[in-house]
Structure formats: C-alpha cells, structure tokens
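Reading through the structure tokens given below for one structure.
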Amino acid sequence: MTTHYMDEAEHCQLLAFMYQGRVIARGKPNLLKEGMKAGVLLEVICTQPMLAYRYLVIDPLFHQQVSLFGSRLHLLVEDPVEGQRRVQQLGQKYDLPIEQIISVPFSLEDLFVIYIAMEQGRLKAGEPEQ
C-alpha cells in the first residue's frame, strides 16, 4: 500500500519513508517511534501559530526543527526545559501569548519530517548514500 496519510500508515505492520525516490527509514511504526533519539518533541499551543512559527524557525536553538501540526507547533529540542524557556522568552519578546508547552510522543508525521531534515542535512554535507 502507498499512502500520504500517516494515520493510515499507523495501521501497517511495516512501513518505509521515502524521499527523492529513496527509502530513508523503514520499520514497524511503534519501533520507529521508540527508536527516535534525535531529541524531545514539544508541542506549543498559542493564539497565533503562523506568526510564532516565523519567529521560532529562525531561532538558533531550534535548528529549523519547527513544524506546524494543525493549529499547534511541534519543536524538536535536545533539552525540553531550555526549549520551554526559550519559547516563553520569544513569546514575550514578540507579544505572542503562549497558552501551553508540553512534551508529546512522536507521531509518524513528526518522524517523517525529522527523517527528511536528517536526509537533507546528509545530502548537503555530501555524505554518501547509505
């Protein structure tokens, strides 16, 4: 089965993520989630997610690891305490009320975005295909 809908992929026994015609990750959905060690995922709920996205994506702490997830933002961080502190600082600086910041488990959509960013970094660095 081929799908762009990660909620459908959640029901597969085995899946593969593809990018530019290459498989960049494969495995059982639960094992891919459990095996992701790139950081901690924070979910930010605020009144203006698009505006917050613009400020967060350029902040060096987040290394461009910001994605819109519906009306919420997902941030991949190494240190969740520092990540929360920085989001609150940016909210105050740009007058963006931050309603909630919580640590959430990875979804398949989050994993796909992370794997693509990792692959783009590998390609940019000129590393050979694996």
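Laboratory data are not the source of any read-out in this text; all were calculated from the coordinates shown. What you are looking at is a predicted structure, and each value in this text was computed from that prediction instead of being measured. Neighbour counts are summed over all protein chains in view; Cβ atoms, including those assigned to glycine, are modelled from backbone coordinates with ideal geometry.
Distant-in-sequence amide contacts of S107, defined by a placed amide H-H separation under 5 Å and a gap of 5 or more residues or a different chain, comprise nothing.
Under a Cβ-Cβ cut-off of 14 Å, what is the net charge of the residues other than L42 that fall near it, where Lys and Arg count +1 and Asp and Glu count -1? Mind showing how you got there, number by number?
Values: positive: R72, R85, R86; negative: E43, D59, E78, D79, E82, E99, D110.
Summing Lys/Arg as +1 and Asp/Glu as -1 gives -4.
Estimated translational diffusion coefficient (Stokes-Einstein, Kirkwood radius over Cα pairs, 25 °C, 0.890 mPa s) of segment 38-105: 214 µm² per second.
Sparsely packed loop sites in segment 1-105 (the GluC sites (Glu not before Pro) outside DSSP H, G, I, E and B with at most 16 other Cβ atoms within 10 Å) comprise E10, E78. Dipole magnitude for the chain: computed about the Cα centre from +1 point charges on Lys and Arg Cβ and -1 point charges on Asp and Glu Cβ, it is near 220 debye. Note on segment 38-105: with charges restricted to the Cβ of Lys and Arg (+1) and Asp and Glu (-1), its dipole about the Cα centre is near 140 debye.
I want the local charge near S107. Using Cβ-Cβ distances under 12 Å, sum +1 for each Lys or Arg and -1 for each Asp or Glu among the other residues.
Details: positive: K33, R72; negative: D7, E10, E43, E109, D110.
Net charge around S107: -3.
All C-alpha to C-alpha distances of the chain, sorted into 5 Å bins beginning at zero, yield P(r) values of 2, 10, 20, 20, 18, 14, 10, 5, 1, 0 percent in whole numbers.
Calculated mean residue ellipticity, 222 nm, the chain: -11500 deg cm²/dmol, from DSSP H runs (n ≥ 4) at -39500 (n - 2.57) each, averaged per residue and rounded to 500.
For the chain, the longest principal axis of the alpha carbon atoms and the long axis of helix 108-124 meet at an angle near 80°.
Applying a DSSP loop filter and a limit of 13 other Cβ atoms within 10 Å to the trypsin sites (Lys or Arg not before Pro) in segment 1-101 leaves K37. A simple count of charges around L14, restricted to other residues whose Cβ falls under 12 Å of its Cβ and scoring Lys, Arg +1 and Asp, Glu -1, yields +2. How much FRET efficiency would the formula 1/(1 + (r/R0)^6) give for D79 and L31, where r is the Cβ-Cβ distance and R0 is 30 Å, rounded to 0.05? So, using R0 = 30 Å, E works out to roughly 0.75.
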